1. Out of Glu86, Glu120, I need the residue that is free of Cβ contacts under 8 Å to residues at least 24 places away in the same chain and of a type outside the set (S, T, N, Q). Which one?
2. Taking the stretch 92-123, which residues are in contact with a strand residue (DSSP E or B) (Cβ under 6 Å, 6 or more places away or on another chain), within 14 Å of Met61 (Cα to Cα) and surrounded by fewer than 17 Cβ atoms within 10 Å (Cβ to Cβ)?
3. Out of all the residues in the stretch 72-85, which are under 15 Å from Cys59 (Cα atoms) and over 12 Å from the mean Cα position of the chain (by Cα)?
4. Considering the stretch 101-113 alone, what residues qualify as being within 14 Å of the chain's Cα centre (by Cα) and more than 9 Å from Leu46 (Cβ to Cβ)?
5. Restricting the stretch 64-91 to residues that are within 16 Å of Ala35 (Cα to Cα) and small (Gly, Ala, Ser), which is surrounded by the most Cβ atoms within 10 Å (Cβ to Cβ)?
6. Going through Ala121, Ala109, Ala90, Ala117 one at a time, which residue ends up being part of a loop (DSSP other than H, G, I, E, B) and hydrophobic (A, V, I, L, M, F, W, C)?
7. In the stretch 102-114, is there at least one residue being charged (D, E, K, R), in contact (Cβ under 8 Å) with a residue 12 or more places away in the chain and under 24 Å from Lys10 (Cα atoms)?
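The values are calculated or read from the model by the stated rules, or taken from the named source; none is laboratory data. Source: prediction; values computed, not measured. Counting neighbours? That spans all protein chains shown, and the Cβs are built from the backbone with ideal geometry, glycine included.
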Amino acid sequence: MDETRKINEKMASEMIARGATVELKTAKSAHLDDANFGQFVKNNGLAVVDFYAEWCGPCKMLAPVIDELAKELAGKVSFGKVNVDECGVASDFSIMGVPTMMIFKNGKAVDQIVGYAPKEAIKAKLSRHY
């Protein structure tokens with residue numbers, strides 16, 4: 001059963017990265033890289049990209065918050081994740097600290113949150129961009 005769930009989540013993540021609307025309650029953030037980042041932010045009206053690192057404690061605290069928001073805001077906001085140690089796109093946006101969440105609207109960066117933030121604070125910031 002776990003294997004089927006992993007496959008479904010991977011497929012949903014890939015579809016989201018390509019800009020598809022996925023309304024699965026098990027869907028999580030799309031895993032982004034240099035190849036699919038641009039398409040993801042352009043194809044999703046309102047998108048949040050979490051720039052993180054595996055070794056980062058606050059990033060690990062933020063991960064389940066992002067997953068909850070991805071489920072709650074499905075259809076309104078798309079969520080993606082970029083591992084800064086594996087992807088060069090972070091330097092394009094001068095990401096100097098992790099976690100950094102960048103908010104994109106119609107392909108353009110419109111806002112950001114640097115550091116850990118509680119779920120309600122993230123939702124409040126996102127609500128300004130609906």
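1. Going through Glu86, Glu120 in turn, just one is free of Cβ contacts under 8 Å to residues at least 24 places away in the same chain and of a type outside the set (S, T, N, Q): Glu120.
2. Matches in the stretch 92-123: Val114 only.
3. Val84, Asp85 - these are the residues of the stretch 72-85 that are under 15 Å from Cys59 (Cα atoms) and over 12 Å from the mean Cα position of the chain (by Cα).
4. Scanning the stretch 101-113 gives Met101, Met102, Gly107, Ala109, Asp111, Gln112, Ile113.
5. Within the stretch 64-91, the first condition is being within 16 Å of Ala35 (Cα to Cα), and the residues that meet it are 80-91.
Checking which are small (Gly, Ala, Ser) leaves us with 80, 88, 90-91.
Working: Gly80: 26, Gly88: 11, Ala90: 23, Ser91: 10.
Result: Gly80.
6. On the way: Ala121 fails: part of a loop (DSSP other than H, G, I, E, B); Ala109 fails: part of a loop (DSSP other than H, G, I, E, B); Ala90 fails: part of a loop (DSSP other than H, G, I, E, B).
The match here is Ala117.
7. No; the residues of the stretch 102-114 include none that is charged (D, E, K, R), in contact (Cβ under 8 Å) with a residue 12 or more places away in the chain and under 24 Å from Lys10 (Cα atoms).
Okay, residues lined up against (1) among the small types (Gly, Ala, Ser); (2) at pLDDT below 95; (3) more than 10 Å from Val49 (Cβ to Cβ):
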| position | (1), (2), (3) |
| --- | --- |
| Glu68 | no, no, yes |
| Gly75 | yes, yes, yes |
| Gly80 | yes, no, no |
| Asn83 | no, no, yes |
| Cys87 | no, yes, yes |
| Gly107 | yes, no, yes |
